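Below is one structure; the comments refer to it alone.
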Amino acid sequence: MKSPRKKAQTFFDPNDGYFTRHLQDLVKAHGGKWAVIAGGHLIGVGTEEQLNKLSLLARKRYPKDIPLITPIPRREELECIL
């Protein structure tokens, strides 16, 4: 008798999902800057110097979430990858 197959567990991070879905728009509008995403929402975009303020805002709005803080590539950087 065969034992039932276990389904593979999948993990979805809403912050990663937001970044993936909006990457093209972020590159066009904010390439070279940084994005802070929490709770599946864009908290803000800024320079490296503004990250502390944006991450504090993310933690205030979504205290149970770990914010995604990621650089937004420039258009030419993406062309090199593809």
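All of the numbers you see were taken from the coordinates with simple rules; none came from a lab. The structure displayed is predicted, hence computed values, not measured ones. Ideal geometry is used to build each Cβ from the backbone, glycine not excepted, and the neighbour counts take in all protein chains shown.
Starting from the stretch 11-69, pick out the trypsin sites (Lys or Arg not before Pro) whose DSSP state is loop and whose Cβ has at most 13 other Cβ atoms within 10 Å.
K64
If each DSSP helix of 4+ residues adds -39,500 (n - 2.57) and the sum is divided by the residues in the chain, what number results at 222 nm, nearest 500 deg cm²/dmol?
Details: 3 runs with 35 residues, N = 82.
Here the helix-only value at 222 nm equals -13000 deg cm²/dmol.
Which residue fluctuates most in the GNM of the chain (Cα springs below 10 Å): D25, D16, D65?
Answer for the Gaussian network model of the chain: D25.
For the stretch 31-41, take each phi angle, set θ = phi - 60°, evaluate the Karplus expression 6.51 cos²θ - 1.76 cosθ + 1.60, and give the result in whole Hz per residue in order, putting x for glycine and proline.
Listing the rounded values in order: x, x, 9, 10, 10, 10, 10, 8, x, x, 10 Hz.
Under a 5 Å amide H to amide H cut-off, with H placed in plane at 1.01 Å, what residues pair with I43 once short-range neighbours are removed?
Hits under the 5 Å cutoff: V36, I37, A38.
In terms of modelled amide H atoms, which long-range or inter-chain residues lie less than 5 Å from the amide H of I72?
G32, K33, W34, A35
Quick one: putting +1 on the C-beta of Lys and Arg, -1 on the C-beta of Asp and Glu, what dipole do you get for the chain around its Cα centre, in Debye to the nearest 20?
620 debye
Can you work out ³J(HN,Hα) from phi for every residue in the stretch 11-23, in order, using Karplus 6.51 cos²θ - 1.76 cosθ + 1.60 and θ = phi - 60°, giving whole Hz and x for Gly and Pro?
10, 10, 9, x, 5, 5, x, 4, 4, 5, 5, 10, 4
Straight-line reach only, C-alpha to C-alpha below 26 angstrom: list the lysines that K53 could link to, leaving out same-chain residues fewer than 8 apart.
Partners found: K28, K33, K64.
Among the GluC sites (Glu not before Pro) within the stretch 29-82, which fall in a DSSP loop and have no more than 10 other Cβ atoms within 10 Å of their own Cβ?
none
Helix 51-61 against the longest principal axis of the chain: what's the angle in degrees, Cα atoms only, rounded to the nearest 10?
Taking the Cα atoms of the chain, the angle to 51-61 is about 50 degrees.
Which one of L68, F12, A29 has its Cα pushed farthest toward the positive end of the charge dipole of the chain, where Lys and Arg give +1 and Asp and Glu give -1 at the Cβ?
Final value for the positive-end residue is F12.
Taking only the alpha-carbon positions of the stretch 14-81 and ignoring solvent, what does the Debye formula give for the base-10 log of I(q)/I(0) at q = 0.15, 0.20, 0.22, 0.23 Å⁻¹?
Debye curve over Cα of the stretch 14-81, log10 I(q)/I(0) at q = 0.15, 0.20, 0.22, 0.23 Å⁻¹: -0.43, -0.74, -0.86, -0.93.
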